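Have a look at the structure below before the remarks.
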Amino acid sequence: MIAKGTTHNNGPKLAQYMTTGKETERAEFWQLVGFAAGDVREAFRSVHVMAEATRCEQPFFHVQVRNPDGEELTRDQWRRVADRIETKLGLTDQPRAIAFHVNEQTGHEHMHVAWSRIDAETMRAVPLPFFKERLKEVSRELEKTLDLTRVKNERDGPVLAPTRDEFEQARRLGVDIHGVRQTIRDCFERSDNGRSFEAALADRGLVLAQGARRDFVVIDHEGGMHALGKRILGVNAGQTRERLADLDRDQLPTVEHARSFIREQQITRDRTKAEPMRDPHREEMAWQDALAKAAIEKEKIERRFVESHPGRETPGSKEKGQGSQPPEHLKGIAADIWIAYHQSRDVNEFVDSLERTARLACVTKREADRSHREAAFAREAGRFAPVYREGEIVIVADPGRLHRREGEITGRRGVYQLNRYTTGHDRATIEKFLAPLDRSSLPSIEATKQIIQDRAAAFDLERQAFRDLSSLGVLKREKDTRPTGRLGREISGKDPSSRVVTRQAEHVTGKALEAVAELAAGAIETLANMFGATERTPEQIQAAHDAGERAAAAAEIDRERFKSEQDHLRAVEAQEAQKLDQERQRTYYERQRDGGRER
């Protein structure tokens, strides 16, 4: 008999599992004793209400009891098993529920028992010290009482999991840690001395070496090190030395020599690999394909192709419907990233196309660690937060129209990852596309945000200076008679910047006004051509385009803020409704308890 127990903190989930079972099982709910409600879900929900008064985070104790295949018990015998476990663990007179799960293929059944740990009289949680050892003791007692097959308390064989360091080493090298450990174990069990063990390992591509802290270690085909200890072989160090006593440890290679030998073997194996049989027809087809590709490249270089924006496609992109047009679910910066990625022939063109709306950044180790912590906190709160990898290239969006909140400049400052959602391609394809980019020259996310904030603050300062000068009468613009709107308005005179500064020096006195004029001189000189031109230049057209994008970004920010406020209101209403439901359940339980006491 095997009895496994664990504390539980989710009553509805536990009730669902007890009444339904797994996919290949048929559940039979058998007993519900001591609860105020007659339904198991309502009963377990009332336990949660009681647990809030005790601050108990694990108000349930769940035990699963199994017998070896072929040994069945009657319902009365199962009840005796549940009673004995209840007495052994100190859960006597606690509310409990019993269910049986039957395997539909074999017909073998096992029992699930769940107790409430909350004592209704003392309103305290029943402690369960050493419950694993006590379950083993009661299982051995019941085996004798019910004449069942004796089960050992300890498992047979070397069933020890790899350590965390071994898991991380296998992950970095791309090695199947369980396969390598099983291979070492098989070679050790089939050999009767050290020489045969070393030969068996060499036949499987492994090398036996001398360790620095261990007597013997095994180096796998990727250079990973595995210590020959009890976790792998199931025997202690003395037994290992006795088995390998015929080996001279000093004659074995060191770890570094073994790794060098494995690398040399790999190089030799690659060089001596047999060449494939020549296929003249296949070679001719490859030659024709190469000529066609060369002609296409020549046309691209000479700019004789028809498309105005050649797209960069990957194998299978047409079948999947991936093109330069972004999917409908992508909006704003995400859609810009999709278009720039698919219309750029290389990473430099991709960076240039995003320069107006976003900047590239490289995630540092500190930012990656912080993203993992924030993601963990978000999961606990039922929210989502992105997780970044060290060295990952991300897109930091330009904030667009800025706002001031509590003295700080705020706006759209989202960080977008280059993944299948924003590009349509997998990580390997994206990393290959970004490979020519020098990651060391990219700033971190925080540094990129600071650059964007400084640039936006400078632009805001210049715009405010122009407003101040206009309000003081420094800038006198003539009426714009052209249908182009706000752009391209003239300043009277042939040289607007010099005439403005001259008129200001002649007619305005006061150091404050002179300081404002000096602060805005650079901005006046930069934008003088725009105000003084009689025809729209390419710079003016680009400025109009940027103004339209900023207006669209501002509208997007307003919409997102409205949606966020609505979501917050819904969350608050849901939280209030949940509190009200809990209060009702607590009142119902108190009434039931008071009524029971009166009876």
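Derivation of every value follows stated rules applied to the coordinates shown; laboratory data play no part. On a predicted model such as this, the values are computed, not experimentally measured, just so you know. Cβ sites come from the backbone with ideal geometry, for glycine too, and all protein chains shown count toward neighbours.
A few points about this structure:
- Taking label positions 7 Å along the Cα-Cβ direction at both Arg345 and Arg584, the computed distance is 6.8 nm, reported to one decimal.
- In terms of packing, defined here as the mean over residues of other Cβ atoms within 10 angstrom, the peptides 191-197, 436-442 line up highest first as 191-197, 436-442.
- Computed FRET value (nearest 0.05) for Ala37 with Glu374, which takes r as the C-beta separation and R₀ as 35 Å: 0.30
- Listed peptides 339-345, 455-461, 202-208 appear in the order 339-345, 202-208, 455-461 once ranked by packing, highest mean of other Cβ atoms within 10 Å at the front.
- In the range 164-271, the C-alpha radius of gyration followed by the widest Cα-Cα span (Dmax) gives 13.3, 43 angstrom.
- Rounded, prolate or oblate (a/c below 1.5 giving rounded, otherwise prolate when a/b exceeds b/c) for the range 343-393 by Cα gyration tensor: prolate
- Couplings 3J(HN,Hα) for the range 102-118, derived from phi with the Karplus relation 6.51 cos²θ - 1.76 cosθ + 1.60 (θ = phi - 60°), are 10, 6, 5, 7, 9, x, 7, 10, 9, 10, 10, 10, 10, 10, 8, 7, 8 Hz, where x marks Gly and Pro.
- 5 angstrom amide H check on Gln31, placed H, neighbours 5+ away: Ile98
- The per residue volume of the convex hull around the alpha-carbon atoms of the range 2-146 is 100 Å³.
- Extension reserve of the Glu242-Thr268 stretch, reckoned as 0.36 nm per residue once the Cα distance is removed: 5.8 nm
- Label-to-label distance, nm, for residues given as Ala552 and Arg455 (7 Å Cα→Cβ offset): 1.8
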